[in-house]
């Protein structure tokens, strides 16, 4: 009997196969992961994703591509960021099993992993030959966003970094500085 968890596991493994850049020798790993997933053709994998703009990729690109490659439908469950952690934990604690895979905020990984809501992915990384390939991921993402207590529980998606720009002409303008100080009682300084 094929369970939803089986479909989720193979989906995660094959998703890994397609999500990281691979040298030519690793292409067989991606192909074998996709081939393994084909045994679940005609089933549906359910993945939680942040509602709105963030969900457009799995709705319009990677989900349809996954179906094309494997025959597995991808059901994207859009959840607002404010409700996502709670809904995931409620689903896990109740044993409902509504979600096969999650796209979550990296800061939640330790809590989800320590609660038992996530399955370690190391065996899939090893099975499909990607341990060395993962070393190409920037250490800040690999070591801080993928792992909990030395075990892999997820893979980076978009980096979640913020870049700030400021207009030097405004920040250095004496009239702007004076107006800011009058309104807030604080000096106008470049954020750090």
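The values are calculated or read from the model by the stated rules, or taken from the named source; none is laboratory data. Keep in mind that this is a model prediction, so the values were computed, not measured. We place every Cβ from the backbone using ideal geometry, glycine too, and count neighbours over all the protein chains shown.
Show me the helices (runs of 4 or more DSSP H) entirely contained within region 74-158 in which 3 or more residues are in the same structural domain as residue 54 (by TED's automatic domain parsing) and closer than 15 Å to residue 46 by Cβ.
The helices (runs of 4 or more DSSP H) meeting that bar are 81-94.
Got a number for residues in region 39-92 being at pLDDT below 95 and at positive phi?
1
Looking only at region 28-55, how many residues end up being more than 20 Å from the chain's Cα centre (by Cα) and not in a helix (DSSP H, G or I)?
Selection size over region 28-55: 3.
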